[in-house]
1. Quick test of your reading of the structure: Val49 fulfils all but one of (1) at pLDDT 75 or above; (2) assigned to a helix (DSSP H, G or I); (3) among the β-branched types (Val, Ile, Thr). Name the failing condition by number.
2. So which residues in region 59-99 are within 20 Å of Leu29 (Cβ to Cβ), of a type in the set (A, V, I, L, M, F, W, C) and at pLDDT 80 or above?
3. On the basis of being surrounded by fewer than 16 Cβ atoms within 10 Å (Cβ to Cβ) and among the hydrophobic types (A, V, I, L, M, F, W, C), does Leu174 make the cut?
4. Being hydroxyl-bearing (Ser, Thr, Tyr) and surrounded by 15 or more Cβ atoms within 10 Å (Cβ to Cβ) is the filter; apply it to region 205-230 and report the residue that is farthest from Met145 (Cα to Cα).
5. Could you pull out the residue among Ala150, Ala157, Ala172 that is in the same structural domain as Arg226 (by TED's automatic domain parsing), hydrophobic (A, V, I, L, M, F, W, C) and either touching a residue at least 60 places away in the same chain (Cβ under 8 Å) or in contact with an Asp or Glu (Cβ under 6 Å, 6 or more places away or on another chain) (or both)?
Amino acid sequence: MDKYAIIWHIKYMGEHHFEKRAERRNRLLGLLRSEDHWTTADLRTQLGVSQRTLMRELAALKEAGYPIDSDRGRGGGIRLDGRWGIERLNLSHYEVIELILSLAIVESLQSPLLTGNLKAIKQKLFQAFPQKQRSAVSNIRKRVMIGDNANKFLLSAYSPPPQEISERIVEAFLQQGLLEIDYQNEAMERRTRVIEAQFILLNWPIWYIIAWDHLRDSSRVFRIDRIKQAKLVEGSFTLRPKEDFTGIYRPFYQTI
């Protein structure tokens with residue numbers, strides 16, 4: 001075997017060993033979460049490893065911060081603290097932003113129940129961003145506004161838009177991309193427009209886009225359940241001053 005083959009073999013074996021160990025460690029975590037406690041004998045049987053290997057894996061998990069306890073004697077065993085939270089989540093940039101915005105919206109509704117930890121959760125998510133990106137997230141929050149609840153008349157004709165349309169609106173809003181919409185007005189007339197989603201407004205449960213309309217070259221409000229089609233088109237926009245939306249933007253609107 002030449003030296004290159006030996007190097008490849010060593011590299012392959014190292015990567016294979018690492019993957020196998022990571023898989024075993026994840027399985028061990030799953031077992032610990034599945035029951036209140038385990039004996040070392042049961043864990044060894046489930047994993048097919050020696051006592052030495054099991055103790056090494058448990059020590060590695062403790063070192064990584066997992067609160068693993070062990071008790072001696074009858075009724076004891078090894079357990080993962082039941083109060084331990086979820087594993088690390090791999091969320092994309094925009095998934096975290098949407099989660100922060102959603103939590104802020106729920107917080108703004110001032111529900112007396114199930115909202116005690118929202119501020120702390122929101123802050124932890126916000127801190128996950130690098131310092132330079134936090135100002136960008138804060139600016140996005142300032143573009144989300146909360147108004148009054150929708151009245152009964154509006155609710156009687158409201159139905160949530162299709163998920164695909166909602167996703168295109170959010171994408172255009174967050175990325176400041178131009179959005180082409182097929183919009184139906186109160187007179188049931190439909191027209192295609194290209195808009196800039198400068199702000200979004202919630203009059204619970206109805207969402208509106210406060211936009212700059214390229215067709216009219218002026219500010220307009222679009223109710224999202226009247227948008228029949230939506231797609232991103234080439235181009236982007238810069239944020240306009242609130243003065244450009246005089247007559248639409250209300251000082252009493254609460255930003256999140």
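The values are calculated or read from the model by the stated rules, or taken from the named source; none is laboratory data. These numbers come from a predicted model, not from an experiment. Cβ sites come from the backbone with ideal geometry, for glycine too, and all protein chains shown count toward neighbours.
1. Unmet condition: (2).
2. Matches in region 59-99: Ala59, Ala60, Leu61, Ile68, Ile78, Leu80.
3. So Leu174 does not fit the description; no.
4. Ser219
5. Residue meeting the stated conditions: Ala172.
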